[in-house]
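The values are calculated or read from the model by the stated rules, or taken from the named source; none is laboratory data. If you're wondering where the values come from, they're calculated on a predicted model, not measured in any experiment. So basically every Cβ, Gly included, is an ideal-geometry build from the backbone, and we count neighbours across all protein chains shown. Side chains included, ligands, DNA and RNA excluded: accessible areas come from the protein's heavy atoms. Shrake-Rupley method; radii C 1.70, N 1.55, O 1.52, S 1.80 Å.
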Amino acid sequence: MWSQPRAFRVNMSKESQMRAAINQKLIEMGERERLKELLRAKLIECGWKDQLKAHCKDVIREKGFEHVTVEDLVAEITPKGRALVPDSVKKELLQRIRAFLAQHSAL
């Protein structure tokens, strides 16, 4: 059986630890909630929410209301939902996160 090289595993572990530390700092400082609110507003503004809602209705119509579970619906719409997020929204969020990290570089 193939296993990952030790250096790769250590690097992934450090990356996971760094992500956890960043996430914790975002939560502690209230920035995570601000970013979530910004994301919600941007997605509504660009029509993402309406597009995804229409896609949900299409999926339910295709499969039949009685034959669709919440899990099925989530599995069906998640890839499309991610693909529909405009690059400009992704870039703005990334820019905000980078600015936050620059201000709080004591991580």
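Every test in (1) modelled with pLDDT under 95; (2) part of a helix (DSSP H, G or I); (3) closer than 30 Å to Ile22 by Cα is passed by Ser105 save one, and that test is (2). Looking at this structure, is Glu33 surrounded by 11 or more Cβ atoms within 10 Å (Cβ to Cβ) and in a helix (DSSP H, G or I)? Judged against the criteria, Glu33 is a match.
Take the conditions among the small types (Gly, Ala, Ser) and modelled with pLDDT under 90 and apply them to Ser3. Does it pass? Before you say what the answer is, go through the steps one by one.
On the way: among the small types (Gly, Ala, Ser): yes; modelled with pLDDT under 90: yes.
Spelling it out, Ser3 is indeed among the small types (Gly, Ala, Ser) and modelled with pLDDT under 90.
Would you mind finding the one in Lys42, Lys80, Lys49, Lys53 that is farther than 22 Å from Arg19 by Cα and touching an Asp or Glu at 6+ places or on another chain (Cβ under 9 Å)? Full working, then the answer.
On the way: Lys80 fails: touching an Asp or Glu at 6+ places or on another chain (Cβ under 9 Å); Lys49 fails: touching an Asp or Glu at 6+ places or on another chain (Cβ under 9 Å); Lys53 fails: touching an Asp or Glu at 6+ places or on another chain (Cβ under 9 Å).
It is Lys42.
The condition of being touching a residue at least 40 places away in the same chain (Cβ under 8 Å) and open to solvent by 50 Å² or more (accessible area, probe 1.4 Å) holds for only one of Leu39, Leu26, that being Leu39.
Number of residues in the stretch 52-107 that are within 30 Å of Met29 (Cα to Cα) and not hydroxyl-bearing (Ser, Thr, Tyr): the value is 25.
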